Amino acid sequence: MSGNTLGKLFTVTNFGESHGPAIGCVIDGCPPGMPLEASDIQYELDRRRPGTSRHVTQRQEADQVEILSGVYEGMTTGAPIGLLIRNTDARSKDYSNIEDTFRPGHADYTYWQKFGIRDPRGGGRSSARLTAPTVAAGAVAKKWLKLNHQVIIRGYMSQLGPIPIPFENWSFVQNNAFFAANETVISELESFMDNLRKAGDSIGARINVVAEGVPAGLGEPIYDRLDADIAHAMMGLNAVKGVEIGAGFESVEHRGSMHGDEITPNGFLTNHAGGVLGGISTSQDLLVSIAIKPTSSIRLPRQSVNRAGEPVTVETLGRHDPCVGIRATPIAEALLAIVVCDHALRHRGQCGQKIG
């Protein structure tokens, strides 16, 4: 199976399965001399970790990261950084009833069609469990960007199903299970999720991610545009069905007199472009928004077929997020950090000058 590596200079190769002994990643291209401890990575993993509230999967994984290589006496050496996260709470028996069938909306059918074999335990390689190594790698990218370019990357949930969540203040994001930047709507979100969980159903969400302090000049037109690589990375996140940069689909209703961000000696007047022009960063905030579909693994009976093509009814057991978007914010932040870090190193390699 190919397609498990993201990036060109700062590369992240992801490995493992949901119910295997461990998951992890190898980061190659991280510059030497950066202070790095497991605690730097663990903070981000704890934000994504399952079992942290009643609104997410109750799988109890500590997600303790182990640094296997690439760090000596607390400093990166320039060698590949191996990160390992052991699986400790897998319940494979929960998936015995779907070994011969395909869950609607899931990757079961396509994995079987492509490879002729699949691991049904928790979705195997297609499980959102594999986002934990992405978050671990993103923590390394975040730290390098902060130390070298003062870039800050953070995100928040802007919509849960039919409920919009207006942005109020970043300080609220870490104080609730939804990563909502609004404290007044939390009780409504909790009630909505409680009713959804009792019904055995699932819902989608929208996540916004912002990178502040990004220097101008990042991006490799025409095929490796910064926004194109961001979209590519975000679409690699489980359940993402849409990506917007800046005004996104709202641009359809804009007139050119409104949409084009005017420039003054003091900077841009607006940021409809989302911090990217011609595939190159403008030094404005990078604005990214992703749409996440409802979780495919639900308790409600659904029509499907088995491997013989016969009609069956599928009921998915096990522990699942009724809204995968609730834990998606740290993952989206990590993906944006990996892309920006990769492009910062590519710019340095091509143009030779320090940016930011």
For this session: Could you list E66, E253 in order of exposure, starting from the residue whose Cβ has the fewest other Cβ atoms within 10 Å?
Result: E253, E66
Exercise. How about the range 211-266: which trypsin sites (Lys or Arg not before Pro) there lie in a loop by DSSP and see at most 10 other Cβ atoms within 10 Å?
Worked result: R255
For this session: Quick one: of K8/K146; K114/K241; K8/K142; K146/K241; K8/K241; K8/K143, which pairs are farther than 26 Å apart, Cα to Cα?
Result: K146/K241
Problem set entry | Likely footprinting exposure, S127, S281, fewest C-beta neighbours within 10 Å first | S127, S281
Problem set entry | GluC sites (Glu not before Pro) restricted to DSSP loop in the range 157-221 with at most 16 other C-beta within 10 Å | E168, E183
Exercise. Which of G105, G82, G116 moves the most in a Gaussian network model of the chain with Cα springs under 10 Å?
Worked result: G116
For this session: Work out from phi, with θ = phi - 60° and the Karplus expression 6.51 cos²θ - 1.76 cosθ + 1.60, the ³J(HN,Hα) of each residue of the range 136-151, listed in order in whole Hz, and give x for Gly and Pro.
Result: 4, 5, x, 5, 5, 4, 4, 5, 4, 5, 5, 5, 9, 9, 6, 7
Exercise. Taking neighbour Cβ counts within 10 Å as the exposure measure, how do I67, I290 sort from fewest upward?
Worked result: I67, I290
Exercise. Semi-axes of the range 161-201's equivalent ellipsoid from the Cα gyration tensor, sqrt of 5 times each eigenvalue, largest first, rounded to whole Å?
Worked result: 21, 10, 7
For this session: Take the alpha carbon atoms of the chain, find their radius of gyration, then divide it by 2.2 N^0.38 Å using N residues; give the quotient.
Result: 1.01
For this session: Using a Gaussian network model of the chain whose springs link C-alpha atoms within less than 10 Å, name the residue from A273, A137, A247 with the highest mean-square fluctuation.
Result: A247
Exercise. Of S297, S18, S69, which is the most mobile in a GNM of the chain whose springs link Cα atoms less than 10 angstrom apart?
Worked result: S69
Seminar exercise, completed: 1/(1 + (r/R0)^6) with r = Cβ-Cβ of T88 and Q150, R0 = 41 Å, i.e. FRET efficiency to nearest 0.05, evaluates to 0.65
Seminar exercise, completed: Relative contact order as a percentage, the chain, C-alpha pairs under 8 Å and 6+ apart, gives 22
Exercise. Which ³J(HN,Hα) values, rounded to whole Hz and listed in residue order, are derived for the range 307-315 from phi using the Karplus coefficients 6.51, -1.76 and 1.60 in 6.51 cos²θ - 1.76 cosθ + 1.60 with θ = phi - 60°, glycine and proline given as x?
Worked result: 5, 8, x, 8, x, 9, 10, 10, 10
Exercise. Applying the Karplus parametrisation 6.51 cos²θ - 1.76 cosθ + 1.60 with θ = phi - 60° to the phi angles of the range 263-279, what ³J(HN,Hα) value in whole Hz is obtained for each residue in order, glycine and proline being reported as x?
Worked result: 10, 10, x, 9, x, 6, 8, 9, 9, 5, 6, x, x, 9, 10, x, x
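Where a number appears in this text, it was derived from the coordinates with a stated rule and is not lab data. Keep in mind that what you see is a predicted model, and the values were worked out from it rather than measured. Don't worry about glycine lacking a Cβ; one is built from the backbone with ideal geometry, like all the others, and counts go over all protein chains shown.
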